[in-house]
Structures are given as C-alpha cells and as structure tokens.
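The values are calculated or read from the model by the stated rules, or taken from the named source; none is laboratory data. In this text the structure is predicted, and so the values were computed from the model without any measurement. All Cβ positions, glycine included, derive from the backbone under ideal geometry; neighbour counts span all protein chains shown. Protein only, heavy atoms only, side chains kept; ligands, DNA and RNA dropped before computing areas. Shrake-Rupley method; radii C 1.70, N 1.55, O 1.52, S 1.80 Å.
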Amino acid sequence: MKDKQTSIIAIIPARYGSTRFPGKSLALIKGKSMIQWVYERTKRSRLVNRVIVATDDDRILKAVAAFGGEGVMTSPEHATGTDRIAEVAKNLDCTLVVNVQGDEPLIHPDMIDQAIAPIADDASIPMGTLCRKIEDRDEAFDPNVVKVVRDGKGFALYFSRAPIPWDRDQWAGKNCLSDLPLAGPLYKHIGLYVYRRDFLITFAGMPQTTLEGIEKLEQLRALEQGYKIKVVETRHESFGVDIPGDLGKILKRLDESRE
C-alpha cells in the first residue's frame, strides 16, 4: 500500500497541558523525548505513508522539528485528541487517518498495521481499533482499563469500564469486585483508532451521546449513532504514560526488550 498514492496518514495528538503530568510529551526516555519514541515507532508501520504530530504548544512543535519530524499547530481549545486530529484531517487529502496516542512510547508498529488492514480492505467499515485478551485480574476490574465485547465478525458490541461480559455463574453470590476471580474471556480495549477521513470529520462534529457521557468513552458515540467499529485482537501490549512514575515502567520494559 505504501507504493501507491499517499492515502494513509497517522496523526499523533500531543498537547502540553496534562493535569497529572504536564509536558509529558517532552519527557526524556533514554535520551529521546516521548513524542520522538511514538513518532519513530509509527514511522516503522508498513502501511502508513505519512506521520504528523498535532500539537497545541510551540515547545512540542520545535522538538518535533528538531528530530526531523513533521508537526502542525492546532487550536488549544480542543477537548479531545479526536477533535485535534479532525482539525488536521480537514486539510489532508487521504483515505484513512490513524490516531496514535502520543503517550504510548512502546506502541508496536505491527499494532498499527493490524488495525489498518481491515479498514483498508473494506470500504464499508468507517472505524477500527484494537483489543487484547486480559490475563491480569487487576486489569479486569480496573475501571481505568476499558473492556470491549465483540460480535462474531469482530465488530464492537459495547465498550465499558466495567468487567464485561459479566460471568453470571462464576461471579454469583459475590458481594464485591475484590471477591471475583478472573473469568473469561475478557478483552481490554487498546486506544489506537483508524478512521475513514470523511467519517472522522463527521464523528468529531457529532454531539455527545448518553452512554458516552456516562462511561466517559468517546467511541460509544459511534455505536450509539449506529456506526460499526471493527475491533482486531492483537498479541502486542502497549503502555500509556499518565504520571511521572510510569516512566520507570517504560524504561524497565525497554531494558527487557533491549530496544
């Protein structure tokens, strides 16, 4: 696909402000900023033709230029990363837009390609993402780890912060989540998205829906409006950086993988 016209563009939203970790995009990991790690790993995708960092801060824009990357300035008023990449997408001539999270420096290039493949092959699918089987009990019952259930063709039925599906027999008679054993299969959602460009722009302009407001999960807006989301299972893991302490976990994994 790379030898054809430039039609798949990855956009990495990166804002400077963060309540728990201001300026985390510029945090150094083995001598490189986090945004550089994400950018370089995204560039290794076999299917992505172009990578752009979308930011609201001149410091990030300058850092991207310094390592030879492409960056664009966007409005500081955006409430979500989706809004930020949609602003950039309006000025792009492409078929697919990939939203790669700017705080996941260990994103594997294969994950990006896995998410892209079904959307590139089927023009009827407006949006896609990833999931991974949960093997850690703590993740299953952590509301910060989003869960997803799919239909027989791999499309999302629902996303939730709760453990879904609810295992009625295994969990019967238990009074609190701490008493529940890990039952399965449960899948966690990995927040990498692929959109058809036109759908992305439409999606960003839709009003918030009821379930989206309750769960605080933006992807529910698409499901509530009747759009399908393809969810591809991956064996790869990715780890977001939310607080400064998460950098130690990233360094440990980099040492273990010798990257």
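Summary table
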{"read-out": "Scope region 109-131; condition within 23 Å of Gly240 (Cα to Cα) and out of contact with any helix residue (DSSP H, G or I) (no Cβ under 9 Å at 6 or more places or on another chain); matching residues", "value": "Asp110, Met111, Asp113, Gln114, Ala115, Ile116, Cys131"}
{"read-out": "Residue count, region 125-158 (criterion: closer than 16 Å to Tyr193 by Cα and of a type outside the set (D, E, K, R))", "value": "13"}
{"read-out": "Test: residue in region 177-200 that is within 30 Å of Phe21 (Cβ to Cβ), at pLDDT 95 or above, part of a helix (DSSP H, G or I) and open to solvent by less than 60 Å² (accessible area, probe 1.4 Å)", "value": "yes"}
{"read-out": "Selection count, region 225-252, where residues are open to solvent by 60 Å² or more (accessible area, probe 1.4 Å) and either aliphatic (A, V, I, L, M) or part of a helix (DSSP H, G or I) (or both)", "value": "4"}
{"read-out": "Filter result (aliphatic (A, V, I, L, M) and either part of a strand (DSSP E or B) or at pLDDT 95 or above (or both)) within region 78-88", "value": "Ile85, Ala86, Val88"}
{"read-out": "Residue match in region 131-143 (condition: crowded, with 17+ Cβ neighbours inside 10 Å and under 19 Å from Cys94 (Cβ atoms))", "value": "no"}
{"read-out": "Filter result for Leu200 (in contact (Cβ under 8 Å) with a residue 24 or more places away in the chain and over 27 Å from Pro118 (Cα atoms))", "value": "no"}
{"read-out": "Flag if Glu212 is more than 21 Å from Val48 (Cβ to Cβ), open to solvent by less than 30 Å² (accessible area, probe 1.4 Å), among the acidic types (Asp, Glu) and out of contact with any Gly (no Cβ under 8 Å at 6 or more places or on another chain)", "value": "yes"}
{"read-out": "Residue in region 222-230 that is more than 17 Å from Lys30 (Cα to Cα) and in contact with a Gly (Cβ under 8 Å, 6 or more places away or on another chain) present", "value": "yes"}
{"read-out": "Residue list for region 45-77, filter: in contact (Cβ under 8 Å) with a residue 40 or more places away in the chain and part of a strand (DSSP E or B)", "value": "Arg50, Val51, Ile52, Val53, Ala54, Thr55"}
{"read-out": "Conditions (1) farther than 28 Å from Leu177 by Cβ; (2) touching a residue at least 40 places away in the same chain (Cβ under 8 Å): number failed by Tyr158", "value": "(1)"}
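For every residue, the table says whether it meets (1) within 14 Å of the chain's Cα centre (by Cα); (2) open to solvent by less than 50 Å² (accessible area, probe 1.4 Å); (3) within 23 Å of His236 (Cα to Cα).
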position	(1), (2), (3)
Pro13	yes, yes, yes
Gly17	no, yes, no
Ile60	no, yes, no
Val64	no, yes, no
Phe67	no, yes, no
Glu77	no, no, no
Ala89	no, yes, no
Thr95	no, no, no
Asp103	yes, yes, yes
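This table checks each residue for (1) more than 14 Å from Lys230 (Cα to Cα); (2) hydroxyl-bearing (Ser, Thr, Tyr); (3) open to solvent by less than 30 Å² (accessible area, probe 1.4 Å).
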{"site": "Ile107", "(1), (2), (3)": "yes, no, yes"}
{"site": "Asp110", "(1), (2), (3)": "yes, no, no"}
{"site": "Asp122", "(1), (2), (3)": "no, no, no"}
{"site": "Thr129", "(1), (2), (3)": "no, yes, yes"}
{"site": "Val149", "(1), (2), (3)": "no, no, no"}
{"site": "Lys153", "(1), (2), (3)": "no, no, no"}
